[in-house]
């Protein structure tokens, strides 16, 4: 997992061949004006999901993990409270892997919490179980999906 400010994104470009396009998209002015939906960044391989979300609270969120895509998450307005636990430590499967959605859920306790504010980003790799939307206020966010390759 990586959590940092968008102005530092250049430090991470060498970690994945698609990071340059993904972060370039995030730096575009006006991303918060996008309507909720899916937007293609590169031929269906890299895309962004923009969504308006109701908070779930720390007591109700499940940890999620992905196998085919990395997540690059940004909050477009308020803070997003996110939980984290290494996937290798997750023991309680709440919903098995759904290949069509590239997602599985776990009911394990979160190990650490952080707040993702506007201007920051979080990258979640397949080894990172994460629990977004754990705060108490609605969150508008963008999630760029980058193939693992």
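The values are calculated or read from the model by the stated rules, or taken from the named source; none is laboratory data. It should be emphasised that the depicted structure is a prediction, and the values quoted were computed from it without experimental measurement. A quick note on method: Cβ atoms are made from the backbone with ideal geometry, for glycine too, and the neighbour counts reach across all protein chains shown.
What to note about this one:
- If you go through segment 7-65 and pick out every residue that is part of a strand (DSSP E or B) and surrounded by 14 or more Cβ atoms within 10 Å (Cβ to Cβ), you end up with 12.
Here's the yes/no breakdown for (1) in contact (Cβ under 8 Å) with a residue 40 or more places away in the chain; (2) within 24 Å of residue 33 (Cα to Cα); (3) touching a strand residue (DSSP E or B) at 6+ places or on another chain (Cβ under 7 Å):
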residue: 72; (1), (2), (3): yes, yes, yes
residue: 107; (1), (2), (3): yes, no, yes
residue: 115; (1), (2), (3): no, yes, yes
residue: 120; (1), (2), (3): yes, yes, yes
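- Qualifying residue in segment 90-105 (condition: surrounded by 21 or more Cβ atoms within 10 Å (Cβ to Cβ), touching a residue at least 24 places away in the same chain (Cβ under 8 Å), part of a strand (DSSP E or B) and touching a strand residue (DSSP E or B) at 6+ places or on another chain (Cβ under 9 Å)): yes
- Criterion violated by residue 126 - all others in (1) more than 12 Å from the chain's Cα centre (by Cα); (2) surrounded by fewer than 17 Cβ atoms within 10 Å (Cβ to Cβ); (3) in a loop (DSSP other than H, G, I, E, B) satisfied: (1)
- On the stretch given as segment 106-123, residues that are assigned to a strand (DSSP E or B), more than 14 Å from the chain's Cα centre (by Cα) and either surrounded by 18 or more Cβ atoms within 10 Å (Cβ to Cβ) or modelled with pLDDT under 95 (or both) total 1.
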